[in-house]
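A.B. asks: Okay, handing you the structure first.
The values are calculated or read from the model by the stated rules, or taken from the named source; none is laboratory data. All values derive from a computational prediction rather than experimental measurement. So basically every Cβ, Gly included, is an ideal-geometry build from the backbone, and we count neighbours across all protein chains shown.
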Amino acid sequence: MSPRTRRLSALALAAVPFAAWAWPVAEPALIRLPFFDECDSIDAIPMRQHVNYNVDIQPIWSARCANCHVEPEGGNAAADLFLDPPNSWFFLYNEPSSQDPELIRVVPNRPWQSLLFTKLNCDVVDIGVRMPRDRQPIPIAEQALVHDWILAGAPETDDDTIFRARFELRG
């Protein structure tokens with residue numbers, strides 16, 4: 001290697017840290033986590049595998065949420081969230097909240113970053129109030145089922161996981 005080549009190589013190597021420092025870095029997405037002491041514990045509920053949206057989750061919306069989150073004639077559902085079948089999944093999966101577009105209703109595989117789950121599970125929420133509004137919270141077993149569905153990736157039909165969450169426990 002010639003002396004000139006060595007000097008150029010040394011200069012190039014010396015410039016690497018400065019180039020890395022000057023490289024633009026995207027800001028990480030804002031991750032909001034709830035105050036866990038303001039949330040119901042679902043730790044005692046066994047984790048559920050293979051949650052089917054239409055069989056397991058839609059009945060929760062129909063029984064507990066449909067009075068406010070349905071498409072009325074000539075009007076809109078509360079928070080522009082339609083939970084009546086057959087299209088409710090499309091209003092949830094990776095959809096921004098109409099109240100705050102930075103908050104996503106259902107973030108696949110991330111229940112604690114999903115506005116839907118925190119609004120069902122926590123007394124203190126990022127926006128609005130706990131759901132269902134002005135009624136008793138939904139039972140812990142149903143909250144856990146929604147959690148497990150989101151954790152599985154919030155599939156529209158059955159999930160195909162064998163072992164979800166790498167044997168991690170809730171909490």
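A.B. asks: Name the single residue, out of those in the stretch 54-96 being among the charged types (D, E, K, R) and in a loop (DSSP other than H, G, I, E, B), that is nearest to Met131 (Cα to Cα).
C.D. replies: For the stretch 54-96, the residue satisfying everything is Asp84.
A.B. asks: Could you give me the residue pairs with C-beta distances under 9 Å whose first residue belongs to the stretch 106-129 and is outside any helix (DSSP H, G or I), whose second residue is surrounded by fewer than 20 Cβ atoms within 10 Å (Cβ to Cβ) and small (Gly, Ala, Ser) wherever it lies, and which are 6+ apart or on separate chains?
C.D. replies: Between residues of the stretch 106-129 that are outside any helix (DSSP H, G or I) and residues that are surrounded by fewer than 20 Cβ atoms within 10 Å (Cβ to Cβ) and small (Gly, Ala, Ser), the close pairs are Pro108/Gly153; Asn109/Gly153; Asp126/Ser97; Ile127/Ser97; Gly128/Ala79; Gly128/Ser97.
A.B. asks: The conditions are (1) assigned to a loop (DSSP other than H, G, I, E, B); (2) modelled with pLDDT of 70 or more; (3) under 19 Å from Ala154 (Cβ atoms); (4) not β-branched (Val, Ile, Thr), and Gln99 fails exactly one of them. Which is it?
C.D. replies: All conditions are met except number (3).
A.B. asks: A further question follows. Return only the number of the condition from (1) touching a Phe, Trp or Tyr at 6+ places or on another chain (Cβ under 6 Å); (2) of a type in the set (A, V, I, L, M, F, W, C); (3) over 15 Å from Ile140 (Cα atoms) that Leu92 does not satisfy.
C.D. replies: Here Leu92 meets the rest and fails (1).
A.B. asks: Please count how many residues of the stretch 89-129 are out of contact with any Ser or Thr (no Cβ under 7 Å at 6 or more places or on another chain) and of a type in the set (Lys, Arg).
C.D. replies: 2
A.B. asks: Within the group Arg166, Arg170, Arg110, Arg130, which residue is within 18 Å of the chain's Cα centre (by Cα) and either of a type in the set (Gly, Ala, Ser) or modelled with pLDDT under 90 (or both)?
C.D. replies: Arg170
A.B. asks: Tell me, please, whether a residue that is under 22 Å from Trp89 (Cβ atoms), of a type outside the set (Phe, Trp, Tyr) and at pLDDT below 90 can be found in the stretch 138-158.
C.D. replies: Scanning the stretch 138-158 turns up at least one residue that is under 22 Å from Trp89 (Cβ atoms), of a type outside the set (Phe, Trp, Tyr) and at pLDDT below 90.
A.B. asks: What tally of residues in the stretch 80-114 results from selecting those that are within 21 Å of Pro59 (Cβ to Cβ) and either aliphatic (A, V, I, L, M) or out of contact with any strand residue (DSSP E or B) (no Cβ under 8 Å at 6 or more places or on another chain) (or both)?
C.D. replies: 14
A.B. asks: Okay, next question. One residue is enough: does the stretch 32-53 have a residue meeting the conditions at pLDDT below 80 and aliphatic (A, V, I, L, M)?
C.D. replies: yes
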